[in-house]
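The numbers here are math on the coordinates, done by the rules we state, and not lab data. Keep in mind that what you see is a predicted model, and the values were worked out from it rather than measured. Backbone-built Cβ (ideal geometry, glycine too); neighbour counts: all protein chains shown.
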């Protein structure tokens with residue numbers, strides 16, 4: 001499902017040099033796996049996720065996701081890939097304040113995603129009764145569930161999660177992790193980057209990113 005070979009990524013250090021965050025990363029994730037990548041803050045976890053999900057194209061190496069080789073895709077092709085093949089769940093939810101829960105879930109349809117059912121996605125995460133509520137009227141856990149429903153809207157093959165429980169308390173985080181496990185049991189491939197053991201404990205396989213290397 002995911003194949004990455006020799007991934008390198010460097011950023012300017014602000015002093016005329018560069019800092020290599022990823023240094024020859026290789027990664028293989030099979031369809032239906034739940035994989036967690038652990039690492040300290042600044043280790044490059046989010047950078048790796050952005051490369052795999054087609055959000056960052058300034059890297060060295062080769063990436064193939066669900067049969068699509070990302071190298072050389074233009075902006076339109078990458079946008080199509082992101083809207084149909086993969087989806088993201090972030091720590092900060094990224095809901096639109098002026099839209100209710102249902103409209104937030106349906107937001108991908110405004111960017112080309114097709115075939116989604118916002119009400120079904122909300123029902124899948126247990127929030128169909130709160131479809132008309134604004135984000136400010138929802139708890140942190142409910143906002144994350146809306147974000148997950150939005151990610152499910154386009155029926156992705158891979159769900160990328162970036163510190164998905166970072167803003168949640170222990171009990172609420174456990175509920176979200178349980179939801180990820182349930183989605184994975186239904187066949188969704190899940191790749192989460194995290195520094196929290198409560199997320200990695202739920203994964204079927206755990207990798208560590210340190211010094212630009214994945215092990």
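Model label sites at residue 182 and residue 210, defined 7 Å from Cα along the beta-carbon direction, differ in position by 3.5 nm.
Once the Cα atoms are used to define both axes, helix 140-152 deviates from the longest principal axis of the chain by about 70 degrees. Antiparallel beta bridges, as assigned by DSSP with both residues in the chain, represent about 50 percent of the total such bridges.
Computed on the stretch 24-82, with alpha-carbon pairs under 8 angstrom and 6+ residues apart, the relative contact order is 21 percent.
Here the spin labels are modelled as points 7 Å beyond Cα on the Cα-Cβ line, and at residue 114 and residue 28 they lie 3.4 nm apart. Distance from the Cα centroid of the stretch 49-111 to that of the stretch 148-172 is 13 Å (rounded to whole angstrom).
For the chain, set up a Gaussian network in which alpha carbons nearer than 10 Å are linked by springs, and say which option among 58, 33, 142 fluctuates the most. Greatest mean-square fluctuation among the candidates belongs to 58. Remark: 9, 20 ranked as 20, 9, counting other beta-carbon atoms within 10 Å and listing the fewest first. For the stretch 70-155, the relative contact order comes to 39 percent (Cα pairs under 8 Å, sequence separation of at least 6). Taking the Cα atoms only, what angle lies between the long axis of helix 170-185 and the longest principal axis of the chain, rounded to 10 degrees? That helix lies at roughly 80 degrees to the long axis. Here the stretch 1-20 is scanned for amide nitrogen atoms under 15 Å from the site 7 Å beyond the Cα of residue 69 along Cα-to-Cβ, giving 3-6. Residue exposure proxy: 175, 15, 114, ordered by other Cβ atoms within 10 angstrom of their Cβ from fewest to most, comes out as 15, 114, 175. Listed values [x] 1.09; [y] 1.00; [z] 1.47 include one computed from this model; for Cα Rg over 2.2 N^0.38 Å that value carries the label [y]. Report the normalised scattering of the stretch 29-105 as log10 I(q)/I(0) at q = 0.17 Å⁻¹, calculated by the Debye formula with identical scatterers on the alpha carbons. Calculated log10 I(q)/I(0) at the listed q: -0.84. Cβ-to-Cβ counts within 10 Å put 43, 178, 57, 200 in ascending order as 178, 57, 200, 43, the fewest first. Just to confirm the number: angle between the C-alpha axis of helix 75-84 and the first principal axis of the chain, 0 to 90 degrees, nearest 10? In the chain, helix 75-84 runs at an angle near 50 degrees to the longest axis.
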